[in-house]
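Have a look at the structure below, then the notes.
The values are calculated or read from the model by the stated rules, or taken from the named source; none is laboratory data. If you're wondering where the values come from, they're calculated on a predicted model, not measured in any experiment. Because the Cβ atoms are built from the backbone with ideal geometry, glycine has one as well, and the counts that use them run over all protein chains shown. Side chains included, ligands, DNA and RNA excluded: accessible areas come from the protein's heavy atoms. Shrake-Rupley method; radii C 1.70, N 1.55, O 1.52, S 1.80 Å.
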Amino acid sequence: MASRLLIDLGEVSEGEIALVGGKAGKLGELVREGLPVPPGFVITTEAFRAFVEATGLVAVVREALGGVDPTRPATFDEASKKIRAAFEAAEFPAELREGISSAYEGFTRKHDVRYCAVRSSATAEDLADASFAGLQETYLNVRGTEQVLEAVRKCWGSLYTPRVLVYRQKKGFDHAEVRLAVLVQKMVDATVSGILFTRDPNTGENHVIVEAGWGLGEAIVGGEVTPDHYVVDGVTQKIVHKQLSEQKVRIVRADGGGNRREEVPPAERSSQKLPDARLLRLVSLGRLIESRYRRPMDVEWCADAHALYIVQARPVTTIPTSTARPSEDDGSAAGAEAPLVRGFGASPGVATGIARLLRGPEEMERLVAGEVLVTTMTTPDMVPAMSRAGGIVTDEGGMTCHAAIVSRELGVPCVVGTREATRVIPDGTEVTVDGKTGAVYRGRRAGSGPKAPAAAPAGSSGGHEAVPVTATKVLVNVGVPEKAVEYARLPVAGVGLLRIEFIFTAHVREHPLALLQKGRKDELVRRLADGIGKVCAAFHPRPVIVRTSDFKTNEYRGMPGGEPFEPIEENPMIGWRGCSRYIASTFRPAFECELEAIQKVRTELGMKNAMVMLPFVRNTWELEEIAGMLRAAGLRRSRDFKLYLMAEVPSTVLLAREFAHHCDGFSIGSNDLTQLVLGADRDSETLGRMGYFDERDPAVQRAIHLLIEGAHAEGTTVGICGQGPSVYPEFAEFLVREGIDSISLNADTVVATTRTIAAIEQRMKLDSLRSG
């Protein structure tokens, strides 16, 4: 396949998200893990760029989006119509057309493909804090080269539908920065499909939630049917609950391609869609996926007569902080009065407002901000109305339907699957929606209130929920600068990790040396400073620790313009990366641009809270040279400027007291430290499945003990910025008992893990009193 334009799915990794998009990136990783994913190939974001540049669509998009007014929903529609019409009228450049056609024909021969699925895979999709569920287009049961080409063009155009434009605006993504890859996969002739959550997305409990329906999964995700609902205990793997639903229609393959709806035979309508043995096999696949990503996952699956297949995996974008049942003062609206209707509690929270019945997207303008949206089922076209709603109630759907996923991300209380809300709830009636218990009541109830102006991240306090004070500092990791304002509302002491790589991939999108070669240094520094500045401004005066670039050679080589500057290494994980790049004469000018951008933020923007952290440190002599580069850039260690080192290489641990003289603090990079202590490649699927890679290993914990002991002896702090403490409470306890100074967490785990830390510290006090 043509380099960078077309890539086999089996060769894709999640580290190439800027090239292949979120969906394809995660599925490529699962293929490498040996999980059952239908084969496919990716038409990359580089192909998208080649298409829009060759056809003049760049100017069309820029002009249309220039007229968008976020306060006027109609302007999103106008811009979308102009852009999508231009996409559908544009012809493929001859070379690109030939490349896609040849790849498709080779793919069909190799994998015996009769029909395929053509699916969007955006660079801002299936992320940890934004799933973009159902917003971009997918075309199923596509057959033949011409149909595939047409579907690809429509997928690209779907990057600019009104609902996507509104959602990106809501989530803080820059329209001009997002690109779309397209994934072409072998189509499974599914007899049953559904979705799986590895943790209960509504309560956070350790339950696996599975929903299943006959035929293709589009009927479930779109809320056209109410699926079977199964709950499996995450510890015992026993089925603890089944709720079988009647399904009268299903979506299946039409003769000659495409989809059609057909009636389900009466004898099958209320039968169990997924037999127990198959259900438990599916749960085991879900657990493997969660183990790979070390966080709760939302998995789409399907099955034919012979096998189960995974067709999508993304992080669960919302996990509540409390699993307590409703009480009089827990914020639920439970009480003695019987509810008007009851369904699945799909997005927690309580809201009161005027019920507004909408029959479809064409009636969206009727919904006034703060009203309760009542409809048969939401569709992606209704996202603009959903973002204004105080609460959402639907007749159809389960906890994994479009309404449930999007409402959780928007922070809107939601109840789905009531079966009769549109019939029972009169339009214009005041109602209270309890998204935790799944009940909808007439009038205002205790604990209800209007929707908050802006939703805090999943698991966060959002400024409304108190968290205990801890002696261990709790910080937050920030990836996308556009989320900084939202994350700044968390009860944290600052940012423990701002990876500059994310700013490169989202804001720069080109190899830094390629930009310098073109004489675009000022542009490079400005873009880096803009991204860093957004985060520092949001958290000011709390510190923001900016980790300088740590791309490996294979990752840098994959960036636009990177190939001439990067060697091919057999093992880039322990190759030319981190500090070794900075002192190399070939890369030094690029690193100096990073330092200049940080100094620009501190001086021109006045954000003195920007600090620096150096990754993958091997020796003290390289630090001495880098210290000179920092001083030359105006960055001197002082009361208001701190320098931190990532503790990832065992040499840093063994010589912690010596390294401490060169920094103000360490931050443990548990993934690299684990692989280098245990000699276990963190990317090895074989070793991962065999259980070799585990930061809880006694050898790794011994290394952490030595680091903390040595650093503290020199008066230097130690923190950690990995997911381990939030995933493994026992690992968090080990760190706290060892005297770790700070723990930096992903946003969705801040509140829950802070409570865990507080409980550990309280136990330590009690243990001390008892032993005293």
Ranked by how many other beta carbons lie within 10 Å on average, peptides 593-604, 519-530 from highest: 593-604, 519-530
Accessible solvent surface per residue of the stretch 2-110, calculated while the other protein chains remain in place, 1.4 angstrom probe, Å²: 44
Given 23/273; 110/552; 81/154; 238/273, the pairs whose alpha carbons are separated by over 24 Å: 23/273; 110/552
The stretch 52-101 - percent relative contact order, Cα under 8 Å, separation 6 or more: 39
Amide hydrogen neighbours beyond the local backbone of residue 200, cut-off 5 Å, H modeled: 205, 207
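Semi-axes, largest first, in whole Å: what does sqrt of 5 times each Cα gyration tensor eigenvalue give for the stretch 696-748?
They are 19, 14, 8 Å, listed largest first.
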Computed Rg/Rh of the stretch 1-76, alpha carbon atoms with Kirkwood Rh: 1.16
Packing-based ranking, highest mean first, of 761-769, 115-123 given that Cβ atoms within 10 Å are counted: 115-123, 761-769
Length-normalised contact order for the chain - Cα pairs under 8 Å, 6+ apart - percent: 9
Charge context of residue 583, other residues only, Cβ under 9 angstrom, K/R +1, D/E -1: 0
Lys/Arg +1, Asp/Glu -1 at C-beta; the chain dipole; positive extreme among 349, 693, 406: 349
Accessible surface of the chain, 1.4 Å probe, proportion on carbon and sulfur as whole %: 50
DSSP bridge orientation in the chain - percent antiparallel, rounded to nearest 5: 65
Mean projected area (nm²) of the alpha-carbon convex hull when the chain is viewed from all directions: 33.2
Residue (of 582, 531, 609) at the positive-pole extreme of the stretch 525-659, dipole from beta-carbon charges: 609
Relative packing of peptides 709-717, 259-267, 5-13, 181-189 - highest average C-beta neighbours within 10 Å first: 181-189, 5-13, 709-717, 259-267
Only Lys, Arg (+1) and Asp, Glu (-1) charged, at Cβ; the chain dipole about Cα centre in debye: 920
